[in-house]
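Only one structure is covered here, and it is reproduced in the block below.
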Amino acid sequence: MAQALAAKGVLTLQTCSRTEFYGEETALRNIPSEAFAGLPFRSIEGAAAIGQRFAEIASGGRSQILGERNIIQQLEDAYKRGDPNLPIFQIARQGIDFGLTARERHQFNAPPIYDQFVRDIMADRYRNGELPDHLYLLGSSNLSYDLIESGVEEHFRSTTIVTRDPKSARKRLRRETDKKVEVIHQKEFGHAREPQSLVVIATSNLTDQDKADLQNALLRLEPRTVVDLTANPVMAAALAGKLNYVNMYGEEFRRLIDQNNEQLAPKVPLVRSDIEAALRTAQLDLSAKAP
């Protein structure tokens with residue numbers, strides 16, 4: 001759907017908490033609102049609002065974890081779906097560039113918090129000398145690949161990415177890493193007990209059927225711990241109380257986020273000021289070129 005909307009001048013961005021649509025008012029009328037009934041989404045129109053929003057997101061200043069970098073790839077993917085000659089995508093590109101420039105100028109980057117959180121949970125849950133058996137990463141998101149590159153998987157006997165699109169995941173693995181990681185379809189996941197395994201939920205892009213299937217698979221698997229790294233922990237109600245389950249709103253993860261945000265908060269006004277100045281300059285340049 002995102003590709004079809006892009007052809008009509010609508011840019012679609014899937015964040016952890018909702019789907020966002022960007023475009024002019026006439027283009028936004030092409031969004032089939034019935035397809036998103038009951039799902040969180042937001043429409044943003046107008047060049048100024050779109051440019052500012054993309055710049056702020058790219059800078060990391062809008063993230064719950066200030067300075068986190070995972071959102072950058074989502075912005076780039078959203079931009080690449082469209083025609084770079086269309087005004088909406090030119091505005092988005094400019095916003096991304098302004099945000100990245102401000103981020104780098106002020107070194108507004110979070111440390112690998114997700115990696116540290118998984119390591120902390122692992123150390124706590126396997127502290128009696130038990131050997132971690134299997135690491136499952138649910139979702140082939142950027143976060144899954146970041147965790148693999150961080151070396152977390154080296155503490156486990158084996159690592160598996162569980163995804164709806166194994167072919168694409170294998171292709172990306174071959175392109176980005178030489179580490180040995182298995183990839184399976186989510187239908188192949190969770191058919192037997194693995195009490196020494198650890199599961200990381202690294203995607204929130206799940207249909208209701210996906211959630212139901214994964215919930216049942218996790219209950220069959222009975223892992224040592226389920227670590228939910230999504231901003232919108234969609235399976236919390238189903239899993240909490242039935243499995244050892246933690247998410248980013250628990251005390252353990254909140255502590256890491258607070259430490260990061262306290263360090264970066266003083267830089268937020270500087271980053272936003274740079275973005276506003278860049279947007280003003282771009283607007284002046286545009287006005288000067290107007291006939």
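A few notes on this one:
- Only one of GLU149, GLU154, GLU104 that is assigned by TED's automatic domain parsing to the domain that holds ALA282 and either part of a helix (DSSP H, G or I) or among the β-branched types (Val, Ile, Thr) (or both): GLU104
- Top-ranked residue in region 40-87 [being acidic (Asp, Glu) and part of a helix (DSSP H, G or I); ranked as farthest from the chain's Cα centre (by Cα)]: GLU56
- Scope region 157-179; condition among the aliphatic types (A, V, I, L, M) and part of a strand (DSSP E or B); matching residues: ILE161, VAL162
- Within region 135-153, the set of residues being farther than 14 Å from ILE201 by Cα and crowded, with 18+ Cβ neighbours inside 10 Å comprises VAL152, GLU153.
- LEU239 surrounded by 17 or more Cβ atoms within 10 Å (Cβ to Cβ), at pLDDT 90 or above, not aromatic (Phe, Trp, Tyr) and not assigned by TED's automatic domain parsing to the domain that holds ARG53: no
- Being in contact (Cβ under 8 Å) with a residue 12 or more places away in the chain, buried (at least 18 other Cβ atoms within 10 Å of the Cβ) and among the basic types (Lys, Arg) is a property that holds for ARG103.
The values are calculated or read from the model by the stated rules, or taken from the named source; none is laboratory data. Because the structure is a prediction, the values reported are computed rather than measured. Here the Cβ is made from the backbone with ideal geometry for all residues, glycine too, and neighbour counts use every protein chain on show.
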